[in-house]
Amino acid sequence: MFSVGLSDIPRTTGFRLALLFLGLFGAASLILFGFMYWQTAGYLANELDKHFQSEMASRLAAHSSERMRQLEARATLDPDGRRPIALFDANGNWVAGAPATLPSALPPMDQPFDFTLPRDGQAAPFRGMLHRLASGDILLVAQDVRDMNRFRDLLRDAMASGALVVLVLGLAGAVITGAGALGRIDGVTQAIERIVNGDLSRRLPSGRRGGDLNRLIQVVNRMLDEIQRLMEEVKGVTDDIAHDLRTPLTRLLAGLERAHRRAASPEEYAAAIDEAIAETKGVLATFGALLRIAEVEAGARQAGFARLNLDTVAADVAELYEPVAESKGIAFSRENDGSAHTAEIAGDPSLLFEAIGNLVDNAIKFTPPGGRIKLRTFSASDRLGIEVSDTGPGIPGTERDAVLRRFHRVEKCRHTPGSGLGLSLVAAVARLHGLHLAIEDAQPGCRVTLWRDGAALAAA
């Protein structure tokens, strides 16, 4: 028995597809988070730079004495030096404002730059801007960016935590999906093993949620239905062959044994041999009919299809069987609906002749003297075909599907000569030509119709 485990989950298509989508979603999320981080950090920096420009413009607009007063007042209001504004001389020495120092290498004027200042016993990150006054002095506007850096770190950590959660949930979803697919595959595999071991009644389990696997399972189950039907038909045919051939073979053997025991003259031996030959020909005819049906069902004759007129085929059949019907005292008539000359299809004329001939032969065989047989051809925009009707005993409604099987014969007709293969051949020829076959009650008698509908005509 095939067994599966957790180690098989990574090999399932569901797990791999889930990982693929997880990777695509992760890549998209990484790009989105990176863009958001970059935009947020850029926005904070730009807003800070605008603040520097505003502060610088405000200080530059004031007179030098007023500027000195403002610097001192600002230093008083900002004792921690978080947003220092200071004035330095041309050599970079502090003059007024908040305590601060300039970088040893002065950055470009009027451009934002990053530097550090000592705060709380350590170097704290600052961002600032310098402007050289007309006097040569240098004005510094700066701000402590530790809060901004903490916000960016918090945003980055939140994004990383979210990505981790997505990864864990995605992996869990992939495992669940893979395990579910594995469970279904295991159920399908077990069903297939039972089928392989001979249980053709088993079917692959299908779920209620649909999906591609369910579609495949439904197709396979239909295929298994057809295989089971064919196997049962083969078994039925085998049983029917054994049953139907036993009688002629028994008669053949009995006749030969009787001739061996009792025949005393050449004439009696000759009569026994003639009976044996007749029985043998009957057996060979049965096998010939079986081979004929197999050839038709295999579709080997389809390659030789050509355009033909059903009315012409019907005329040939009528020409052959009309004298036979009249010799039995049966009225035979052939009709068409007036447009039957357009009743053209692609087909094999000899097979269609044989199929229609079988229907007419059956009608002659089962119609009593004084009865009627009608062979009608019809053609219209929505359908065309051939109809054979008689006034015989007809076929019971419960038997109309069964008579199309090989060797099946209606109980009341079992003593009539025949092998029970005629209608099987007709059904095989109809399927080969894409024709429908309908057996109906003619009240009285039986009516058999071979026809094709309008959609099939358009396709042809």
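The values are calculated or read from the model by the stated rules, or taken from the named source; none is laboratory data. Given the structure is predicted, the values throughout are model-derived calculations rather than measurements. Using ideal geometry, Cβ is built from the backbone for each residue, glycine included, and neighbour counts are taken over all protein chains shown. The accessibility values were calculated without ligands, DNA or RNA, using every heavy atom of the protein model including side chains. Shrake-Rupley method; radii C 1.70, N 1.55, O 1.52, S 1.80 Å.
Structure above, values below:
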quantity	calculated
Residue match in the stretch 14-37 (condition: within 30 Å of PRO118 (Cβ to Cβ), under 60 Å from the mean Cα position of the chain (by Cα), assigned to a helix (DSSP H, G or I) and not aliphatic (A, V, I, L, M))	yes
Filter result (in a helix (DSSP H, G or I) and touching a strand residue (DSSP E or B) at 6+ places or on another chain (Cβ under 8 Å)) within the stretch 71-100	LEU71, GLU72, ARG74, ALA75
Yes/no for ARG59 being closer than 15 Å to GLY128 by Cα, among the basic types (Lys, Arg) and modelled with pLDDT of 90 or more	no
Meets criteria (within 20 Å of GLN228 (Cα to Cα) and open to solvent by 60 Å² or more (accessible area, probe 1.4 Å)) for ILE192	yes
Residues of the stretch 55-73 satisfying the condition of being open to solvent by 70 Å² or more (accessible area, probe 1.4 Å) and not hydrophobic (A, V, I, L, M, F, W, C)	HIS63, SER65, ARG69, GLU72
Any hit, the stretch 274-284, residues being of a type outside the set (Val, Ile, Thr), open to solvent by 50 Å² or more (accessible area, probe 1.4 Å), at pLDDT 80 or above and closer than 30 Å to GLY371 by Cα	no
Residues located in the stretch 135-163, provided they are basic (Lys, Arg) and either farther than 23 Å from PRO79 by Cβ or assigned to a strand (DSSP E or B) (or both)	ARG152, ARG156
Inter-residue pairs, beta-carbon under 7 Å, first closer than 18 Å to LYS281 by Cβ and in the stretch 243-263, second modelled with pLDDT under 75 and hydrophobic (A, V, I, L, M, F, W, C), 6+ apart	ASP244/PHE407
Residues located in the stretch 369-382, provided they are touching a Gly at 6+ places or on another chain (Cβ under 7 Å) and open to solvent by 60 Å² or more (accessible area, probe 1.4 Å)	PRO369, GLY370, SER381, ASP382
Qualifying residues in the stretch 119-134 (those that are farther than 16 Å from GLY97 by Cα and either assigned to a loop (DSSP other than H, G, I, E, B) or touching a Cys at 6+ places or on another chain (Cβ under 9 Å) (or both)) - the one most open to solvent (accessible area, probe 1.4 Å)	ASP120
Restricting the stretch 128-183 to residues that are of a type in the set (S, T, N, Q) and under 30 Å from PHE52 (Cβ atoms), the residue that is nearest to the chain's Cα centre (by Cα)	ASN149
Top-ranked residue of the stretch 306-327 - restricted to ones that are touching a helix residue (DSSP H, G or I) at 6+ places or on another chain (Cβ under 9 Å) and not in a helix (DSSP H, G or I), ranked as farthest from ASN358 (Cα to Cα)	ALA306
Within the stretch 419-443, considering residues that are at pLDDT below 85 and in contact with a Ser or Thr (Cβ under 6 Å, 6 or more places away or on another chain), the one surrounded by the most Cβ atoms within 10 Å (Cβ to Cβ)	SER419
Meets criteria (of a type outside the set (D, E, K, R) and touching a Pro at 6+ places or on another chain (Cβ under 8 Å)) for LEU130	yes
Per-region count, the stretch 83-118, residues surrounded by 16 or more Cβ atoms within 10 Å (Cβ to Cβ) and under 20 Å from VAL145 (Cβ atoms)	11
